[in-house]
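Colleague: Right, I'll just put the structure down here and ask away after.
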Amino acid sequence: MSGALITTVRYSVVPAIRGCLLIAGLTVASYRLHFNSAAAGFLFLIAIALNCLDSGMVPATIASLMAVGCLDFFFVQPLFTFTVADPVDVAALAAFLTTSLVVTRLASKARKEARTAESERAHLARLYELAQKLFALDPLRADSVRLLDVLRAVFGLRAASLFDADSADVHVSGESRTDLSALTRDAHIMGRDINDSNTQVAVRCIRAFGKPTCTLGLEGLEHQTVMAGPVVALVAAALERARAIRSASDAAAEARTETLRAAILDALAHEFKTPLATILTAAGGLHAAGALTPEQCELADLVESEATRLSDLSSRLLRLARLDSQEVKPRLRPVNIQAGLDSLVDRYGHQHPDRQVTLVRKGDPAEILADAELLELAVSQLLDNACRYSPPDSQVQVILEFALGMIIVIVWNSGPSIPRDESRHIFERFYRGADGRRLASGTGLGLYVARKIALAPILFT
């Protein structure tokens with residue numbers, strides 16, 4: 001026997017038969033006790049009201065019509081006929097029928113509202129249980145399958161599936177009868193929800209900022225038109241919470257890694273400083289000692305130049321570590337920027353004699369408030385890159401422009417352009433493009449340090 005037939009028998013056939021038997025029994029008892037129509041009518045009305053407590057409108061109407069017929073046949077003159085001689089009795093019977101139907105209607109409505117309230121209470125209880133279990137999951141360890149298992153346990157689902165847009169994977173829990181994973185994937189691709197009451201399948205797209213991020217499929221969910229929306233909202237909140245916590249955890253781990261890396265760079269830079277200073281002193285002592293052959297002088301010069309380069313690199317690492325750990329405290333002083341740039345241009349002109357390094361000035365010179373050391377470091381990083389990645393005998397220009405109360409420093413060269421897909425990464429720490437690795441050696445720190453200094457909020461005030 002199907003569920004619909006069982007429901008019909010339970011709420012229509014059985015109450016109708018029971019109501020008719022109850023009216024028949026009261027009719028026999030009232031007739032033998034010689035009740036009048038008023039007393040019998042009140043008994044019938046009570047019986048009808050009690051009978052409709054667990055039945056619908058149809059069986060209550062049948063019982064009411066039978067009660068009116070019994071009143072007319074056994075208690076209204078002339079007896080044992082369905083003829084009513086007195087108009088007052090006609091009005092009384094009509095009033096009885098109307099009253100019984102109104103009472104039945106009110107009782108049926110109250111019972112329906114009670115069932116609705118009970119159903120909503122049960123829905124809320126399940127949603128509350130789902131919320132508790134979802135947010136009790138460890139967001140750093142919970143995966144999609146565990147989340148789907150919680151859904152199935154709370155709502156007794158046959159199957160549940162989740163399509164992740166980032167990985168394009170479908171996670172399934174339970175045994176589906178309708179290939180729920182394929183339905184979930186198709187719904188995500190089409191960007192539409194599915195609500196099939198015949199198979200009890202509900203598929204909903206979960207969106208963030210108007211874009212589908214994942215899609216949830218549920219099979220075997222009761223009252224899916226009412227429950228699917230709140231369930232999806234709770235799942236979306238749980239997924240977003242897990243994503244936010246994982247992002248915060250990753251950010252905290254990255255911050256700890258950066259702190260450790262900065263400390264290591266600082267320590268290494270300090271450790272390199274002492275032996276490099278000793279090497280530079282020894283190389284200078286060799287020149288002072290004199291009586292060196294040209295070959296020995298060349299070797300001493302080579303030792304001194306390479307030691308100087310290592311010293312500069314360790315200084316960069318030390319400054320980088322302090323920049324990352326925000327230990328740099330700019331000391332703002334009046335700075336003659338043109339004199340500083342002249343010095344840098346001369347230095348890089350001697351280091352790269354095969355480049356034409358020049359300073360181009362536009363406008364009247366002026367002093368600025370800046371940290372001379374940091375300013376020199378930022379421009380030297382740009383100038384070093386410009387010399388490294390420009391062809392021999394090419395021009396490298398430092399352009400100093402005074403305009404509209406601003407001072408603009410531009411470092412220009414005629415080297416190859418940066419590919420579009422690499423341009424967004426050039427300021428990242430230790431990043432070097434394909435052409436950069438091919439053309440010259442380097443550490444990938446220059447532009448990172450220059451940008452870090454340029455973005456310092458109180459460097460130029």
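Readers should treat all values here as calculations from the given coordinates under stated rules, not as data from a laboratory. Note that this is a predicted model, so its numbers are computed, not measured. Note that each Cβ is placed from the backbone with ideal geometry, even for glycine, and that neighbours are counted across all protein chains shown.
Colleague: Where does each of 80, 163 land when they are ranked from fewest to most other beta-carbon atoms within 10 angstrom?
Modeller: Final ranking by Cβ density, sparse to dense: 80, 163.
Colleague: Excluding same-chain residues fewer than 8 positions from residue 133, which aspartates and glutamates have a Cα within less than 15 Å of its Cα?
Modeller: 143, 149
Colleague: Here's a follow-up. At a Cα cut-off below 20 Å, give the aspartates and glutamates reachable from residue 109, other chains included and same-chain residues fewer than 8 away excluded.
Modeller: 54, 118, 120
Colleague: Same structure again: If packing is taken as the average number of other Cβ atoms within 10 Å across a peptide's residues, how do 381-394, 189-202 rank, most packed first?
Modeller: Going from most to least packed, we get 381-394, 189-202.
Colleague: A further question follows. Tell me which residues come under 5 Å, amide H to amide H, from residue 394 once H is placed; ignore anything under 5 positions away on its chain.
Modeller: Here 356 satisfy the definition.
Colleague: Another question, if that's okay. Measuring from centroid to centroid over Cα atoms, what is the spacing of segment 128-181 and segment 223-250 in Å?
Modeller: Taking the Cα centre of segment 223-250 as reference, the centre of segment 128-181 is 11 Å away.
Colleague: Still on this structure, please answer the following. I want the local charge near residue 158. Using Cβ-Cβ distances under 11 Å, sum +1 for each Lys or Arg and -1 for each Asp or Glu among the other residues.
Modeller: 0
Colleague: Give the order of 297, 70 when sorted by the count of other beta carbons within 10 angstrom, beginning with the fewest.
Modeller: Fewest-to-most Cβ neighbours within 10 Å comes out as 297, 70.
Colleague: List, in order, the whole-Hz ³J(HN,Hα) value for each residue of segment 102-110 obtained from phi through the Karplus relation with A = 6.51, B = -1.76, C = 1.60 and θ = phi - 60°; use x for Gly and Pro.
Modeller: Result, ordered by residue: 5, 4, 5, 5, 5, 5, 5, 5, 5 Hz.
Colleague: Less than 13 Å Cβ to Cβ from residue 115, Lys/Arg counted +1 and Asp/Glu -1: what total charge do the surrounding residues give?
Modeller: 0
Colleague: Which whole-Hz couplings ³J(HN,Hα) result when phi for each residue of segment 226-239 is put into the Karplus expression 6.51 cos²θ - 1.76 cosθ + 1.60, θ = phi - 60°, listed in order with x for Gly and Pro?
Modeller: Going residue by residue, I get 8, 8, 4, x, x, 5, 5, 5, 5, 5, 4, 5, 5, 5 Hz, with x marking Gly and Pro.
Colleague: Which whole-Hz couplings ³J(HN,Hα) result when phi for each residue of segment 20-32 is put into the Karplus expression 6.51 cos²θ - 1.76 cosθ + 1.60, θ = phi - 60°, listed in order with x for Gly and Pro?
Modeller: With the stated coefficients, segment 20-32 comes to 5, 5, 5, 5, 5, x, 5, 5, 4, 5, 5, 5, 5 Hz.
Colleague: Given +1 on the Cβ of Lys and Arg, -1 on the Cβ of Asp and Glu, and no further charges, what dipole in debye does segment 124-246 carry about its Cα centre, rounded to the nearest 20?
Modeller: So the magnitude is around 320 debye.
Colleague: Still on this model: Amide H of residue 361: which non-local residues (sequence gap of 5 or more, or other chain) have their own amide H closer than 5 Å, using H built in the peptide plane?
Modeller: 400
Colleague: Would you grab the residues whose amide H sits under 5 Å from the one on residue 207? Only those 5+ places off in sequence or on another chain, please, with H modelled 1.01 Å from N.
Modeller: Here 213 satisfy the definition.
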